[in-house]
Amino acid sequence: MSYAHQDPATASAPRVIDVVAKRFGFEPAQVEVTEGERVRLVVTSADGVHGVEIKKFRVARTVPRGGKAVTIDFVASTPGQFPIVCSEYCGDGHEDMKGMLVVSAKKAR
């Protein structure tokens, strides 16, 4: 799994974070970014069809089976903790398929 670490104040490109959706969770289970950071989630499925939803940032995408990547871009504009849920029924245990987006407050200059 790769993580691109950038200083949000100097980054012109989004921070790219690879996420794998699988029964019944996300890898990594917790994604940590900084307020104001441009984020690009590159999501693949390790098994069946899944969904990725982060309501606060109006993220809602279907992730197909077969390992085809889905790219999701957004700005982490609000600090806090926000659930990442599977929005496509994927079998018994679907309701437990959750992750967390943690957006840290931008440090004052």
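Tabulated data for the structure shown
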{"item": "Per-residue Cβ neighbour rank within 10 angstrom, fewest leading, R109, R65, R15, R23", "result": "R109, R65, R23, R15"}
{"item": "More than 13 angstrom apart: percent of Cα pairs within the stretch 64-109", "result": "71"}
{"item": "Residue (of T44, M97, V70) at the positive-pole extreme of the stretch 15-104, dipole from beta-carbon charges", "result": "V70"}
{"item": "Per-residue Cβ neighbour rank within 10 angstrom, fewest leading, D96, D18", "result": "D96, D18"}
{"item": "Convex hull of Cα atoms in the chain, direction-averaged projection (nm²)", "result": "6.3"}
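Every number in this text was worked out from the coordinates using simple rules, so none of it is lab data. This is a predicted model, so every value here is computed, not measured. Reconstructed Cβ throughout: ideal geometry from the backbone, glycine too, with neighbour counts over all protein chains shown.
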